[in-house]
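Report on one structure; see the data block that follows.
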Amino acid sequence: MQEVYVAGAGMTRIGKRSEPLQDLMAEAAHAALLDAQIERPDFIVVATMNPEEFLGDGNFASNVATHLGFAEIPTVRVETATSSGAASFYIGFSQVAAGLRRSVLVVGGEKMTHLSTPRVSEIIGRSIDPYERSYGATMPALAGLITQVLLGRSGSAAREIAQVAVKNHAHGAKNPLAHFQQIVTLEEVMESRMVADPLRLLHCCPISDGAAAVVLTSERTHVRVAGLGQGTDTLAVRHRRELVTFGATRAAAREAFAMAGFDPAHVDFAEIHDAFAPFELISLEDIGLLPPGKSGRATLDGDTALDGRLPINPSGGLKARGHPLAATGLAQIVECVWQLIGRAEGRQLPAAHRALAHSIGGLATNNWVTLLESV
Amino acid sequence: MIETIAASRCPRCAILVAPPATYCPHHPVAMTPMTLSGIGEVVTYTTLHTPPQGFRSPLHIAIVELEGGARFVCHGADTKGLKIGATVAIEAIDDIYYFSHLGAMDRARLFWRRTGRAGDRVNAIARSLAKRVWKSRSVNTVE
């Protein structure tokens, strides 16, 4: 298998954006190509979760490639719900690793803020099992069901979960591209409006627009793709025995670490899919970055803050950087790359050599773990 | 009256799912249709304050584990006072399933119905009482 390197990374400011999605994706893609000093990639992978319903546009790979000025470059679109960005990175990686292409542009984006919140919630909810959806299950509802179990297990869980949001807002405040750049207090989180009991508004990521892109090559750069893994699970949450651990994350982590040849103890920092604050705690334990039952305490103790021993979500995470669906998996990787090459202005970690990005698709039906290392 | 809920079982791994599915989620095997009685334990629940279109706020949703381990998603009139592990009955109104809390008399009737011989019934009730006492004890020691 050919070694694969990240040659360039770029992303837009995340938030409420007035530009069309194609322009946002072009902004990210051109920045990544400029960074890589590659004018024309051999192949393009486009990630969008649902442009058909958000925008009314189909055939989106060709749509984006043509808009970028690459009408003649082979292109595909990849979709695994909210983890589409991470999935597109995997497809780009496999093209280079297999020796089929020398350079691949991977670009993901989503535009949703022009629609009402109930409509956005409904469109994202299409990724939920139809029977559960027929009972009104939305992503926040399913996350609420999971959080309820978590709270029943420990008396301190409510504070631990709230602290995830406090920490990630503090990180986002240092990231000029983040959707939210203001801090929140523990009290503000714990007293925010109830969304899906016991899940509150400030436990949830925002609805965001944005795009992110990376260029992968077979030529050596300063960042190597060390390992990737995918894990899947039942579409229906009710078909699972366990609610407060995601089998799809555990499987993805196993596969990624096996490919990389190192274990979670060697990871210096991570970008974790905190679409809902409790998911960060669940995922840290599923990946093996923290022992079972210890992630909440570690968060309260500041271990996962920027200056902690295992910084988690230096970008602000989905919570504060924002969650433009198919852009997110790539935005996580862009943050990892910038940290690894010392370009994370205002939030640069001192000793960052090995990075992990973790992305959840749907309600943990299609999850990804990506490992990068500086070389 | 206790509701009957349509379900299906995988002939290979014996997993039970409700409502019935054509194929097992874990094996490419046709499932065998069957029915389960509408009594179960609350696995988890939530109250949704911003439900999707077509639903009224607040919307109560629970996952209930039926006999044999099939987990079922249903609505309820309220989640106030509801606890994880509580026994609830499931009823269908206009083909929509709802959970409802069970009172002491309902519980007694359930045990009566579920167990066969008189001795078994007494044992079952005693076991249930012992379990409840033990549960409340262990909760106290944790706190």
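The values are calculated or read from the model by the stated rules, or taken from the named source; none is laboratory data. Just so you know, these numbers come straight off a predicted model, no measurement behind them. Here the Cβ is made from the backbone with ideal geometry for all residues, glycine too, and neighbour counts use every protein chain on show.
Is there a residue in region A:65-79 that is of a type outside the set (D, E, K, R), closer than 21 Å to residue A:336 by Cβ and within 23 Å of the chain's Cα centre (by Cα)?
Yes, region A:65-79 contains a residue that is of a type outside the set (D, E, K, R), closer than 21 Å to residue A:336 by Cβ and within 23 Å of the chain's Cα centre (by Cα).
Touching a Leu at 6+ places or on another chain (Cβ under 8 Å) and more than 14 Å from chain B (Cβ to nearest Cβ): does that describe residue A:284?
yes
Only one of these conditions is not met by residue A:200: (1) away from chain B (no Cβ under 14 Å); (2) crowded, with 18+ Cβ neighbours inside 10 Å. Which number is it?
Status for residue A:200: all satisfied but (1).
Can we say residue A:91 is within 14 Å of chain B (Cβ to nearest Cβ) and among the hydrophobic types (A, V, I, L, M, F, W, C)?
The answer is no for residue A:91.
Which one of these is surrounded by fewer than 19 Cβ atoms within 10 Å (Cβ to Cβ), among the aromatic types (Phe, Trp, Tyr), out of contact with any Pro (no Cβ under 7 Å at 6 or more places or on another chain) and within 26 Å of residue A:143 (Cβ to Cβ): B:72, B:55?
One residue alone meets the criteria, B:55.
Look at residue B:29 and say whether it is on the phi < 0 side of the Ramachandran plot and surrounded by fewer than 18 Cβ atoms within 10 Å (Cβ to Cβ).
So residue B:29 passes the test.
Being at the interface with chain A (Cβ under 10 Å from one of its Cβ atoms), among the charged types (D, E, K, R) and assigned to a strand (DSSP E or B): is that true of residue B:65 here?
Spelling it out, residue B:65 is indeed at the interface with chain A (Cβ under 10 Å from one of its Cβ atoms), among the charged types (D, E, K, R) and assigned to a strand (DSSP E or B).
Does residue A:109 meet the test of being surrounded by 24 or more Cβ atoms within 10 Å (Cβ to Cβ) and assigned to a helix (DSSP H, G or I)?
no
With away from chain B (no Cβ under 14 Å) and out of contact with any Leu (no Cβ under 9 Å at 6 or more places or on another chain) as the only criterion, which of A:118, A:176 stands out?
It is A:176.
Among the helices (runs of 4 or more DSSP H) confined wholly to region A:1-91, which include 3 or more residues that are acidic (Asp, Glu)?
Ranges flagged: A:21-36.
Out of A:288, A:210, A:231, A:227, I need the residue that is at pLDDT 95 or above and out of contact with any Ser or Thr (no Cβ under 8 Å at 6 or more places or on another chain). Which one?
On inspection, the qualifying residue turns out to be A:288.
Has region A:123-130 got any residue that is facing chain B (nearest Cβ under 8 Å) and buried (at least 17 other Cβ atoms within 10 Å of the Cβ)?
Yes: region A:123-130 contains one or more residues that are facing chain B (nearest Cβ under 8 Å) and buried (at least 17 other Cβ atoms within 10 Å of the Cβ).
Check region A:133-140 and report whether any residue there is more than 14 Å from every other protein chain (Cβ to nearest Cβ) and surrounded by fewer than 21 Cβ atoms within 10 Å (Cβ to Cβ).
Checked region A:133-140: no residue is more than 14 Å from every other protein chain (Cβ to nearest Cβ) and surrounded by fewer than 21 Cβ atoms within 10 Å (Cβ to Cβ).
Please pick out the residue among A:167, A:111 that is under 24 Å from residue A:84 (Cβ atoms), of a type in the set (Lys, Arg) and away from chain B (no Cβ under 14 Å).
Answer to the check: A:111.
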